[in-house]
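The values are calculated or read from the model by the stated rules, or taken from the named source; none is laboratory data. Please read these numbers as outputs of a predicted model, since none were measured by experiment. For neighbour counting, all protein chains shown are included, and Cβ atoms are generated from backbone atoms with ideal geometry for every residue, glycine included. Surface areas here come from the heavy atoms of the whole protein model, side chains and all, with no ligands, DNA or RNA. Shrake-Rupley method; radii C 1.70, N 1.55, O 1.52, S 1.80 Å.
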Amino acid sequence: MVLRFCPYCANLLRFQENRLCNRFACPTCPYIYQIAEKHRVTSCTYFTGKELADILDAESAWMGVESTGERCPKCSHPRAYFRQLQTRSADEPMTFFYRCCNHTCAFTWRVD
């Protein structure tokens, strides 16, 4: 298994196969690493990142978090759990995610 990283933004390069040549490409910038020879690919494993909904709605993600006096926009319950996640680049502020303390509602919303 070969892992290559972009020399400019340090992201993991993704393998791209076509009839003419195989190459590694950066998913965020235009960097391309050409593979010199046409190698035969015997197997591929593709990484798929987690969806944001999978991260936020997992019950384990909300265990042990603090609550605050934020009113739920869906059921008007006066308290909500909160978390902070870095959803954008590091120079952008963190995003607050809230989840209603009313367990029958459990509505999740965000504030940028």
* Please check which bits of the range 67-90 a label hung off TRP109 would reach, taking the label as a point 7 Å along Cα-to-C-beta and the cut-off as backbone N under 19 Å. => 67-85
* Asked: Under a plain spin-label model, where a point goes 7 Å from the Cα along Cα-to-Cβ, how far apart in nm are ARG23 and PHE96?
  -> 4.5
* Accessible surface of the range 60-111, 1.4 Å probe, proportion on carbon and sulfur as whole % -> 51
